[in-house]
Amino acid sequence: MAMVTTKEMFQKAYDGGYAIGAFNVNNMEIIQGITEAAKDLSAPLILQVSSGARKYANHTYLMKLIEAAVIETGLPIAVHLDHGDTFELCKSCIDGGFTSVMIDGSHHSYEDNVKLTKQVVEYAHDHGVVVEGELGRLEGVEDDVKVEAGQGSYTDPAQVQDFVTRTGVDSLAIAIGTSHGAYKFKPGTKPQLRFDILEDVSKRLPGFPIVLHGASSVIPEFVEMINKYGGNMPDAIGVPEDMLRQAARMAVCKINIDSDLRLAMTGTIRKCFAEHPEQFDPRQYLKPAREAIKDMVAHKIVDVLGCNGKA
């Protein structure tokens, strides 16, 4: 099996009422944990690389690790640029072997977003690569993406047909109330996603794949683990998993997960150091961290995404 685009997997997901997990990767252990879970459950997979991850781990190293995962698992795996913000960055990833890129022009005016997205689509399609665009802005922080509270905006359903038609994008990320990072909703509040917007968008774009960013659930056990072993994370509520399941049964074909991976890894490593302060062998604390990621991803695949057995 070679690396694939998301085109066929999205069509199957839309028709089947499930979503594909798009997991952000930064190093070998994260890639192994994600892909081992997907292999055990025969699940299709999207591995996402942010601009920050490319700077940290190096494009070539990440691509070779993902190539190894394809060989080891035999799964259909798409390699996706998460939140590309310039044509040059998207072009570099396309030229470097990515099968999918996101151009995030949501920080521009609508017309400038259309212009930039169309430019990326034309280059990508000429090279057999698919493109995700974005309408609306999510609040929160993820690597180089920083949108202050009050600066986000819901997607306007009235714009989606025009945007998709004029740009030619293959999928569309929309803003319906999720946010980047671990601090999505304050304790005591009742998280809500704007399913009315999602329903309106899906009616205007029948059969078209929709994407949700900022969809980590901030799993409490990992936050508690981090705080128990020396951390100081404020209480936070992530996106309830029943809401994500509902979105997956609608038009959402791709659900992005990053913060839950970081929390699983960090909490497990903190626990290891606290219980074994003499430990200095990286294998001894990265191995359980990898297993924690594998278990968490398996839970997402089965209980949230519903894509197990769909590879």
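Counting alpha carbon pairs within less than 8 Å and at least 6 residues apart, what relative contact order, in whole percent, applies to the chain?
23 percent
Mind checking which lysines have their C-alpha under 18 Å from Lys115, skipping anything on the same chain fewer than 8 residues away?
Within the straight-line cut-off, Lys115 pairs with Lys91.
Once the Cα gyration tensor of region 218-292 is found, what semi-axes does its equivalent ellipsoid get, as square roots of 5 times the eigenvalues, in whole Å, sorted largest first?
Listed largest to smallest, the semi-axes of region 218-292 are 30, 15, 7 Å.
Report, in deg cm²/dmol and to the nearest 500, the calculated mean residue ellipticity at 222 nm for the chain, where each DSSP H run with n ≥ 4 adds -39500 (n - 2.57) and the sum is divided by the residue count.
Helix-only estimate at 222 nm: -14500 deg cm²/dmol.
Quick check: the distance between the Cα centres of region 13-69 and region 74-141, to the nearest angstrom?
Here the two parts' Cα centres lie 17 Å apart.
Of all accessible surface on region 67-134 at a 1.4 Å probe, what whole percent is carbon and sulfur?
Summing carbon and sulfur atoms, their accessible area is 50 percent of the total for region 67-134.
Of Lys203/Lys300; Lys39/Lys310; Lys7/Lys55, which sit over 18 Å apart, Cα to Cα?
Lys203/Lys300; Lys7/Lys55, as the Cα separations exceed 18 Å there.
Testing the spin-label approximation: label points 7 Å from Cα along Cα→Cβ at Gln284 and Lys64. State their distance in nm.
A separation of 2.9 nm, rounded to one decimal place.
Averaged per residue, what accessible area in Å² does the chain show with a 1.4 Å probe, protein chains only?
Accessible area per residue, the chain: 43 Å².
What is the spin-label model distance, in nm, from Asp162 to Asp112 if the labels are put 7 Å beyond Cα along the C-beta direction?
That separation, rounded to one decimal, is 1.8 nm.
How large is the convex hull of the C-alpha atoms of the chain per residue, in Å³?
Taking the convex hull of the Cα positions in the chain, it is 119 Å³ per residue.
The values are calculated or read from the model by the stated rules, or taken from the named source; none is laboratory data. These numbers were taken from a predicted model, which means no experiment stands behind them. All Cβ positions, glycine included, derive from the backbone under ideal geometry; neighbour counts span all protein chains shown. These accessible areas exclude ligands, DNA and RNA; they are computed on the full protein's heavy atoms, side chains included. Shrake-Rupley method; radii C 1.70, N 1.55, O 1.52, S 1.80 Å.
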